[in-house]
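Before any comments, here is the structure.
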Amino acid sequence: YNQVLLGEFAGPINDEQREMLERNSVRIHELLTLINDLLDVSRIGTGSLAREFEPVSLAKIGQTCLSVVQPLGADKGVTVEGEFPPELPEIVAAGSRLQQAITNLLRNAVKFTPGGGKVTLRLEDRGDHIQTEVIDTGVGISPEDLPHIFDDFYTGNNVEGKGQGLGLSIAKKIAEGHRGRIWAESPYPLEGRKGSRFIFTIPKNLVP
């Protein structure tokens, strides 16, 4: 109904009403995002990912994630780029969940990277596993926060504009649901700046 009103399908609205409706729409979107994240925490935590396993191309997933996040980076003046070979082998995985995890990591990196910075998605074939890295030139993670960043609802203390603290938690559950692991390093110097590197690995021989 908010969108119906904003589209003036129910009659004209003035500027003050439009501003109120737009702000209300943002809050509704934030609430829906929180509800979906809470549902994901519950679903992924039950060990149900194996039912979604199928052969997937991680290179295609990486490209899709870049296409989703690059406009967000452009709005902020942050370059978002990928470094991975197109001939990466297919793996058995829950493709939509891997896309969700990588997108969460990229969005998180863009959020904490000032304008003029860079976020890099790197995919590498490491023999028995595929390694995914998200590297940024952002503000970094404090030593106090680093051990807790994958905890549910943990938001840290060194930045403004905190979210609900579920994006990294969901990424961890997705990695572990693929019998992989995830961790972070910060500071991670890149081009002379401090930043962070998030790494998660997925076995290539995974079977349901």
Quiz item: Check Ala93: other-chain or 5+ apart residues with amide H under 5 Å from its amide H, H built from backbone geometry?
Solution: Glu54, Val56
Self-check item: Computed helical MRE - 222 nm, the chain, DSSP H runs ≥ 4 contributing -39500 (n - 2.57), nearest 500
Solution: -13500 deg cm²/dmol
Self-check item: Ordering of 173-185, 101-113 by burial proxy (mean other Cβ atoms within 10 Å per residue, highest first)
Solution: 101-113, 173-185
Quiz item: Residue-wise, which Karplus ³J(HN,Hα) couplings in Hz belong to region 84-93, taking 6.51 cos²θ - 1.76 cosθ + 1.60, θ = phi - 60°, and x for glycine or proline?
Solution: 7, x, x, 8, 3, x, 5, 10, 8, 6
Practice problem: Under 22 Å Cα to Cα from Lys118, which lysines show up? Leave out anything in the same chain fewer than 8 places away. | Solution: Lys60, Lys76, Lys162, Lys194
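By Kyte-Doolittle mean hydropathy of at least -0.5 and Cα axial length of at least 20 Å, which whole DSSP H helices of the chain are selected?
Numbers: long enough: 15-45 (45 Å, -0.40); 58-76 (27 Å, 0.43); 95-111 (24 Å, -0.30).
Taking the DSSP H segments of the chain (at least 20 Å long, mean hydropathy at least -0.5), we get 15-45, 58-76, 95-111.
Hey, can you rank 137-143, 200-206 by average C-beta count inside 10 Å, highest first? Show your work: numbers first, answer last.
Working: 137-143: 19.6, 200-206: 18.0.
Averaged packing, sorted descending, gives the order 137-143, 200-206.
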Quiz item: How high is the relative contact order of the chain, in percent, with contacts defined as C-alpha pairs under 8 Å that are six or more residues apart?
Solution: 20
Quiz item: Expressed in nm², what is the orientationally averaged projection area of the convex hull enclosing the Cα positions of the chain?
Solution: 13.5
Exercise. With just the Cα atoms of region 78-189, tell me how far they stretch along each of the three principal axes, in Å, largest first.
Key: 39, 30, 22
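Read-outs throughout are calculated quantities, based only on the coordinates presented, and are distinct from any laboratory measurement. In this text, all values refer to a predicted model and were calculated from it rather than measured experimentally. As a convention, Cβ positions derive from the backbone with ideal geometry for all residues, glycine included, and neighbour counts pool all protein chains shown.
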